[in-house]
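To start, the structure under review is shown below, and the notes come after it.
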Amino acid sequence: MYKITGIYNRDKLRTPRTDGRYPLRIGRCVSDKTILFATVGSPLVLQYELDECGNDYHGYYLRCSRLYRKSQIDAFTYELETKNTIYVLRKVD
């Protein structure tokens, strides 16, 4: 499982996304399949497991625009970059 630890604008400053529902997504956990099936050129689909409070959130998905870049920062952290947004996900137990 991976926790969304940050959501940033895809600009040179990498400013945090504070518009709309973006702040509500920080802290939610997504399945390992989100990382496994994230393919550059295809829409990014976040498959939620837990909400930000730790409650069950199975069956909820977020479909984003096409994935431009998928980067492994370290053994526990990935960055998924779409047209306008960068999602930072960190591995949790």
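The values are calculated or read from the model by the stated rules, or taken from the named source; none is laboratory data. Just so you know, these numbers come straight off a predicted model, no measurement behind them. No Cβ is skipped: glycine too gets one built from the backbone with ideal geometry, and neighbour counts run over all protein chains shown. What goes into the accessible areas is simple: the full protein's heavy atoms, side chains included, and nothing from ligands, DNA or RNA. Shrake-Rupley method; radii C 1.70, N 1.55, O 1.52, S 1.80 Å.
Remarks
- One residue from 74, 32 being without any contact (Cβ under 8 Å) to a residue 24 or more places away in the chain and of a type in the set (Asp, Glu): 74
- Selection from the stretch 73-82 of residues that are under 13 Å from the mean Cα position of the chain (by Cα), farther than 21 Å from residue 51 by Cβ and of a type outside the set (Val, Ile, Thr): 79, 81
- Test: residue in the stretch 2-17 that is within 14 Å of residue 89 (Cα to Cα), open to solvent by 60 Å² or more (accessible area, probe 1.4 Å), touching a residue at least 12 places away in the same chain (Cβ under 8 Å) and out of contact with any strand residue (DSSP E or B) (no Cβ under 6 Å at 6 or more places or on another chain): no
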